[in-house]
Each structure stands twice: as C-alpha cells, then as structure tokens.
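**Q** Take this structure first; my questions come after.
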Amino acid sequence: MRSLRAGDFSLREWAYHETEHVAEGHHRQEEMTMESKTMDAVEFRTGQREQWNSAATGWRRWSELIDSAASAVSERLVELAGVEQGSRVLDVAAGYGEPSLSAAKIAASEGRVVATDISAEMLAFGRERAAAAGLDNIEFIESDAGSLDFPEASFDAALSRWGIIFEPDGEAAAARVRGFLKPGARMAISSWGPPERVPFLAIPMRTAMQRLQVPPPPPGTPGPLSRPTPEALGGLLEAGGFSDVDVEETQVTFEWHSPEEFTTFIKAIAPPISGMIAPHPEEVQRETWSAITEAIGETSGGTGTVRLSNLVLLAAGRA
C-alpha cells in the first residue's frame, strides 16, 4: 500500500508523532491542578461553543451524508447502552441529535431522551430533525457535560457519540454522568481511532499544520483524535468509575464525488480544522484549502471519487 503524502511526512509518520503526543497529554492531564483545569476549561468551552455554533449550518447541509455513513455507530451505541422500550436516556454532547434520535425510536413513547450539548445552534437543528421524524420524546438542553445537574439515578442509560472526547476533563464528566445513572446502568461512547486510520480527519489536519507551520496543540487538548486507542477511550470510563468496560472497533466510510467536494465538506463540518486555518490571511487560507484538496486527490487513484474508511472505537461500561 502506498503512503499518503502531502508535505514532508507520510501520514503514518505523522500519526506516530501524534499518538505519542496523545500519550504525553494523558500523563500531563493527571498532573494539572484543579485550578488550572477550571481556568482552561472556561476558555476552551467558550471557543468550542463559538466554533460549533458556526458549524451548525454545515451540518445542516451535510447531515444526509453524515447519517448515511455513521448511523450504524449510533445504533450500536444504543445497543451497547442497553436502551429498550421505556428507557430514560441521557445523551452527552448530542450535537445535531445523535444518537438521541436513534435512542428515542427504541425508547418509544414510554421512554424519554435528554439530549445535551454546548451549542444552541446544533441543538436547534436537532429539534428540527426530531420534529421531522415525528419524535416527541426528546428534550434538548443547552449545557456542557461538566455543568449537567440531574437527581441521582435519573437515567437507565447514557450515550455520547464523538462528544465526551471534546470535554476538557472527560474523566470528570464521565464520573458526573455516572452519578445520574441507576446502579448497573450502562454508558456507551465513541471516538475516532489513531490518525493513520482516520484519514478523513488526519489528512486535512496534517496538511494544514504543515502548510501553516502550526505546532501540535498543547498536551491533553481535547479533540476528535484525542482518545485514539482502546486504552485511552476505555480508560476514560474506568477513571469515571465505570466497571466491566469493553471496547470494540467498527468502520465508518465516507464517499465524495471529488476532492473539491471533500474540501467543501470538511471546511463546513470540522471546526478543529477550519478554526486552525481561519485566523490566517485570505490568500493563505485559499492556499491551505487547495493543498488539502490536492492531498485528498492523491487518495482517489485518478478516479475523481474520494472514498475513505475510518476506524471508530466504541466503549461501554457499567455504573
């Protein structure tokens, strides 16, 4: 298999350094004081809220493609969490409403789903999607995971699809959620795998960092590739007090008609990447997005169509 390249490093070489950086980050997280965590979290969440509110328009445009590729992940998370008819379910960082909508269909009218997220605009889209699906058993609440407040044993299951991995302190968030669950209830979460196995994110991210000479984020920074191994993802739940934690793998495959369509997609739906590029002059921004298009074009084999398979990790544990 040929190496995907866009600059001085191959994707595999870049991924190695990023994975080492992630490991260092988890070690550093443990050493941070509570005061610095709190200060960093406030600033970090403010930026997250702004970025995801801006990205909501892109998620509206591309939701059909995202759903067609990722619906199986939602369904599996619902299954791993043990959601059934009549269940009360908490979805942490639900974004545009997944896996909330998938859970609501299983919980049915006897059950209830509470979908939470930091972005009001993403939640607004979620409400629209729920209404269009005829689901009236979902409540949407604007809140970050660290600020959620429910009585003990309020829920039969908890979910987070690529959500809790964006929390400044994912372990503390998991512990907080555990307190809202009935004894023995399960929480199921997902993350993306290591960079070399998540090309739809890694290629544009690596290309932009090299093009702009942007250093890696500080160790421990949350993000889409911050929990790329079974140990990192399962460890999040274990540190939150969950037991019987299991981790499994699956694949999500996206397909675009052209490299240009891919770039339009990633620019619209991936705030960590677009946010890295946006502060630079317009000419530099155009050049960087063009470099991303060129790098993705190398994966198409001359066919024009871009088809990328990406590793997803799913973890579930018992409260």
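**Q** For the stretch 101-127, which positions are farther than 17 Å from L148 by Cα, among the charged types (D, E, K, R) and surrounded by 24 or more Cβ atoms within 10 Å (Cβ to Cβ)?
**A** Selection gives nothing.
**Q** Give the number of residues within the stretch 267-311 that are surrounded by 17 or more Cβ atoms within 10 Å (Cβ to Cβ) and touching a Ser or Thr at 6+ places or on another chain (Cβ under 6 Å).
**A** So in the stretch 267-311, the residues surrounded by 17 or more Cβ atoms within 10 Å (Cβ to Cβ) come out as 267-274, 276-277, 285, 288-289, 291-293, 295-297, 299, 306, 308, 310-311.
Remaining after also requiring touching a Ser or Thr at 6+ places or on another chain (Cβ under 6 Å): 267, 277, 289, 291-293, 295, 306.
So the count comes out to 8.
**Q** Just a yes or no: is a residue in the stretch 214-227 surrounded by 21 or more Cβ atoms within 10 Å (Cβ to Cβ), among the small types (G, A, S), out of contact with any Leu (no Cβ under 9 Å at 6 or more places or on another chain) and within 30 Å of E287 (Cβ to Cβ)?
**A** Yes, that holds for at least one residue.
**Q** Same structure again: Looking at the stretch 290-319, which of its residues are in a loop (DSSP other than H, G, I, E, B), within 16 Å of F265 (Cβ to Cβ) and not hydroxyl-bearing (S, T, Y)? Give the derivation first.
**A** Filtering the stretch 290-319 for residues in a loop (DSSP other than H, G, I, E, B) gives 298-305, 319.
With within 16 Å of F265 (Cβ to Cβ) added as a condition, the list becomes 299-300, 304-305.
Scanning the stretch 290-319 gives a single hit, G304.
**Q** Report, by residue number, each residue of the stretch 81-117 that is aliphatic (A, V, I, L, M), in contact with a Gly (Cβ under 9 Å, 6 or more places away or on another chain) and part of a loop (DSSP other than H, G, I, E, B).
**A** V83, V92, A93, A94, A108
Rundown of residues vs (1) modelled with pLDDT under 95; (2) among the polar types (S, T, N, Q); (3) out of contact with any Ser or Thr (no Cβ under 8 Å at 6 or more places or on another chain), yes/no style:
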{"residue": "G184", "(1), (2), (3)": "no, no, yes"}
{"residue": "I189", "(1), (2), (3)": "no, no, no"}
{"residue": "W192", "(1), (2), (3)": "no, no, yes"}
{"residue": "L201", "(1), (2), (3)": "no, no, yes"}
{"residue": "P204", "(1), (2), (3)": "no, no, no"}
{"residue": "L212", "(1), (2), (3)": "no, no, no"}
{"residue": "P215", "(1), (2), (3)": "yes, no, yes"}
{"residue": "S226", "(1), (2), (3)": "yes, yes, no"}
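**Q** Further, regarding this structure: Could you say whether any residue in the stretch 89-100 is surrounded by fewer than 18 Cβ atoms within 10 Å (Cβ to Cβ) and over 13 Å from M187 (Cα atoms)?
**A** Checking the stretch 89-100: not a single residue is surrounded by fewer than 18 Cβ atoms within 10 Å (Cβ to Cβ) and over 13 Å from M187 (Cα atoms).
**Q** With the condition kept exactly as written, say whether any residue in the stretch 161-175 is outside any loop (DSSP other than H, G, I, E, B), charged (D, E, K, R), modelled with pLDDT of 95 or more and surrounded by 24 or more Cβ atoms within 10 Å (Cβ to Cβ).
**A** Taking the stretch 161-175 and keeping what is outside any loop (DSSP other than H, G, I, E, B), we get 161, 164-166, 170-175.
So of that shortlist, the ones also charged (D, E, K, R) come out as 161, 171.
Okay, now just the ones that are also modelled with pLDDT of 95 or more, so 161, 171.
Cutting the leftovers down to surrounded by 24 or more Cβ atoms within 10 Å (Cβ to Cβ) gives us 161.
So far as the stretch 161-175 goes, yes, one or more of its residues are outside any loop (DSSP other than H, G, I, E, B), charged (D, E, K, R), modelled with pLDDT of 95 or more and surrounded by 24 or more Cβ atoms within 10 Å (Cβ to Cβ).
**Q** Quick one: in the stretch 138-149, of everything that is in contact (Cβ under 8 Å) with a residue 24 or more places away in the chain and either part of a helix (DSSP H, G or I) or surrounded by fewer than 17 Cβ atoms within 10 Å (Cβ to Cβ) (or both), which residue is farthest from the chain's Cα centre (by Cα)? Even if it seems obvious, please write down each step before you answer.
**A** Applying the first criterion (in contact (Cβ under 8 Å) with a residue 24 or more places away in the chain) to the stretch 138-149 yields 138-146, 148.
This time we only want the ones that are either part of a helix (DSSP H, G or I) or surrounded by fewer than 17 Cβ atoms within 10 Å (Cβ to Cβ) (or both), so: 139, 141-143, 145-146.
Values: E139: 21, I141: 18, E142: 17, S143: 16, A145: 14, G146: 17 Å.
Once the filter is applied, the top-ranked residue is E139.
**Q** Filter the stretch 205-236 down to the residues that are in a helix (DSSP H, G or I) and charged (D, E, K, R), then identify the one that is farthest from T293 (Cα to Cα).
**A** This residue is E231.
**Q** Inside the stretch 237-279, can you point out the residues that are assigned to a loop (DSSP other than H, G, I, E, B), aliphatic (A, V, I, L, M) and more than 19 Å from S191 (Cα to Cα)?
**A** Filtering the stretch 237-279 for residues assigned to a loop (DSSP other than H, G, I, E, B) gives 240-242, 257-258, 270, 278-279.
Filter once more, keeping what is aliphatic (A, V, I, L, M): 270, 278.
A278 - this is the single residue of the stretch 237-279 that is assigned to a loop (DSSP other than H, G, I, E, B), aliphatic (A, V, I, L, M) and more than 19 Å from S191 (Cα to Cα).
**Q** For the stretch 234-267, what are the residues that are of a type outside the set (D, E, K, R), over 15 Å from the mean Cα position of the chain (by Cα) and within 16 Å of Q285 (Cβ to Cβ)?
**A** Those that are of a type outside the set (D, E, K, R), over 15 Å from the mean Cα position of the chain (by Cα) and within 16 Å of Q285 (Cβ to Cβ): T263, T264.
The values are calculated or read from the model by the stated rules, or taken from the named source; none is laboratory data. Just so we're clear, the structure is a prediction, and the values are computed from it rather than from any experiment. Virtual Cβ from ideal backbone geometry, glycine too; neighbours counted across all protein chains shown.
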